[in-house]
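The values are calculated or read from the model by the stated rules, or taken from the named source; none is laboratory data. Keep in mind that what you see is a predicted model, and the values were worked out from it rather than measured. Virtual Cβ from ideal backbone geometry, glycine too; neighbours counted across all protein chains shown.
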Ligand code: AMP
C-alpha cells in the first residue's frame with residue numbers, strides 16, 4: 001500500500017519547520033508551510049497518500065479547518081472524488097451540524113453542512129478525514145463524530161504528523177493513520 005521508505009519519511013520530516021513558543025510559550029509549533037513550499041517533499045507526501053488510498057473505494061475526503069483543507073483537497077483531486085470542509089463555528093453558510101470539543105481552557109466547535117455527503121448512490125458515503133497534525137485528538141474526534149452525525153462512515157482519520165506522546169488517537173472513533181509520528 002505505497003509504503004514510504006525511511007529516507008522519504010526523513011525528507012518529509014526535515015521539510016517541516018518547528019517554531020518554538022508559538023502561538024504561546026511551551027508549544028513547539030509544526031509549521032507545514034515549509035513542506036508546501038518544498039515541491040519534492042510535498043510531492044513525496046501526496047504520491048504516498050494517493051497510493052495508500054487509491055483502491056479504498058472512498059466517496060469523499062473531509063478536511064479539517066484550515067491546514068487539513070490543503071492536503072485534503074489535493075488528495076481529493078488526485079483520487080477524483082469530492083472534498084468536504086469541516087469548518088470552525090460560524091463559517092459555513094448553509095444549514096450545519098456542529099460538535100463541541102474541549103480545549104485546555106474552555107471549548108471550541110466545528111461544523112459541517114448537513115447535506116455534505118448526499119451525492120452518493122450507496123446508503124452511507126465512505127469518508128476519509130484528514131488534518132495536518134494529531135495532538136490531543138479533540139479536533140479530529142469532533143470531526144469524525146460530525147461525519148457520523150450526518151449519516152456517513154468515517155473509514156479512517158489520516159494525519160501528516162502525530163504527536164504520539166499525547167495519545168490523541170485513543171479519542172478518535174475511527175482507525176487512525178499517521179504518515180509521521182513524533
Ligand atoms: P488537537 O485537537 O489537540 O489534536 O489539535 C489538533 C489541531 O490543532 C490541528 O488542526 C493542528 O493543526 C493544530 N495543532 C495542535 N498542536 C499543534 C502543533 N504543535 N503544531 C501545529 N499545529 C498544531
Item to check | Pairs where the first residue, in segment 124-139, is closer than 17 Å to residue 46 by Cβ and at pLDDT 95 or above and the second is part of a loop (DSSP other than H, G, I, E, B) and more than 6 Å from the ligand (Cβ to nearest atom), C-beta under 6 Å, 6+ apart | outcome: 128/58; 132/32
Item to check | Residue ID - nearest to the chain's Cα centre (by Cα), chosen from residues in segment 54-78 that are in a helix (DSSP H, G or I) and surrounded by 24 or more Cβ atoms within 10 Å (Cβ to Cβ) | outcome: 68
Item to check | Number of the exception - residue 100 against (1) surrounded by fewer than 19 Cβ atoms within 10 Å (Cβ to Cβ); (2) not in a strand (DSSP E or B) | outcome: (2)
Checklist entry - Could you say which residue among 49, 45, 35 is within 14 Å of the ligand (Cβ to nearest atom) and either at pLDDT 95 or above or closer than 15 Å to residue 179 by Cβ (or both)? => result 35
